């Protein structure tokens, strides 16, 4: 009866358009009141949910990404990507995907990555006669590369919630991130050729141009070396690496002299608001997790799995299906806090490597970020392409992208080595 009441209240409030943090808080308060439990428990659990030093990495990575987006680093990464692939069919669209992947190595936020790269490249894509539906369906989903390619805020939250090494999760995302980037590049090139999008530039790239562009992009490209290298070598935790990211991005901004004081104030304010919104969701979801535990709902779910699911592969496929359905209805951060404490112990009982399971979850969260109607990256892609554009306008291209990302989920499930190889050689 309690499970039914929770589900009705939860999805009913979501359907009414209430923000997810308030939905969770109201549902928890309702159940506690019905059980005669003091609401002080809610406040205590919310505070305990974010009272973790590792969560400091979230605002720091958000700040680093925003500094790089506004400090001239994005356009240098774009110029470098364009130099590499600009003359290919669909070169600017491929440049968009590669620039997003490169920016994802310094920004842990999917939406921030979408806006940072989109603000620079969307005007150029429009000039080359790419349709708005195609632009939105590429710039939004490409943003999820920032979720998969480390550093990733989603990985930080998952690592803390599910008690997985954040450093190993970061390394686990490198190979899948590269593969997905390659798949997306092939896709946009094929569509550009079929639809006649873009223009082929015949100008010859001189050695001087190559050296100049590479020199301009060299320092931004060193950022992931410092961030991931410090973690890989065991000299920094994920939180300490986030400090390195902020310091390095700030020094580059000073070097390039492309940020005013007013812009810096805007960055600080925007980073604070974004961080607060994520942490409020985490705190509310932590209280919800406490409620589920008290009601022994995880045990009920565990009994269901062990009654009907008899293999690790089947378990991963069922979990992926559940996340796909829920990903259409709610936001990724709340899914992590609510479900990973339930699913992770089950995965261990199925003898699944925690890092492998973590990457299966991450790929499903990437899929959720672009799945209508609540896919935040897809919504961001539409917004930056045309403020009045609805997500329905991205069809049929977004359907193709969903298939590509879903295929990556399946690939990670059946080939664990893709996610476990690099973490296995990490220096402790």
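Here, each number is a calculation from the coordinates, and none is a lab measurement. Just so it is clear, the model here is predicted, and its values are computed rather than measured. Every residue, glycine as well, gets a Cβ built from its backbone with ideal geometry; the counts of neighbours run over all protein chains shown.
Cut-off 10 angstrom, C-alpha nodes, Gaussian network model of the chain. Which of 244, 281, 313 fluctuates the most?
313
Within a 10 angstrom radius of the beta carbon, how do 290, 130, 256 rank from fewest other beta carbons to most? Walk me through the intermediate numbers first.
On the way: 290 20, 130 24, 256 16.
Result, fewest neighbours first: 256, 290, 130.
Over what distance in Å are the Cα centres of segment 19-92 and segment 100-137 separated?
Rounded to whole Å, the Cα centres lie 19 Å apart.
What angle, in degrees between 0 and 90 and rounded to the nearest 10, separates the Cα long axis of helix 153-162 from the longest principal axis of the Cα atoms of the chain?
30
Take the alpha carbon gyration tensor of segment 275-375, find the square roots of its eigenvalues, order them as a ≥ b ≥ c, and report rounded if a/c is under 1.5; if not, report prolate when a/b exceeds b/c, else oblate.
Details: a/c = 1.83, a/b = 1.27, b/c = 1.44.
It comes out oblate by the Cα gyration axes.
Which whole-number percent is the relative contact order of segment 2-424 (Cα, under 8 Å, 6+ apart)? Don't skip to the end; give the middle numbers.
Working: 639 pairs, mean separation 109.5, N = 423.
Computed value for segment 2-424: 26 percent relative contact order.
Figure the gain on full extension for residue 415 and residue 56 (residue separation times 0.36 nm, minus the Cα-Cα span) and round it to one decimal in nm.
Details: separation 359, 0.36 × 359 = 129.24 nm, distance 3.28 nm.
Here the segment from residue 415 to residue 56 would lengthen by 126.0 nm.
Can you give me the angle between helix 261-294 and the longest principal axis of the chain, using Cα atoms only, in degrees from 0 to 90, rounded to the nearest 10?
For helix 261-294, the angle is close to 30 degrees.
What's the angle, to the nearest 10 degrees (0 to 90), between helix 297-308's Cα axis and the longest principal axis of the chain?
Tilt relative to the chain: about 80 degrees.
Can you give me the convex hull volume of the Cα atoms of the chain, divided per residue and expressed in Å³? Mind showing how you got there, number by number?
Values: hull volume 61.3 nm³, N = 428.
Per residue, the Cα convex hull of the chain comes to 143 Å³.
Could you put 400, 356 in order, starting from the residue whose Cβ has the fewest other Cβ atoms within 10 Å? Spell out each step's value before the answer.
Details: 400 14, 356 22.
Fewest to most other Cβ atoms nearby, the residues stand as 400, 356.
Quick one: 280, 360, fewest Cβ neighbours within 10 Å first, how do they rank?
Working: 280 19, 360 25.
Result, fewest neighbours first: 280, 360.
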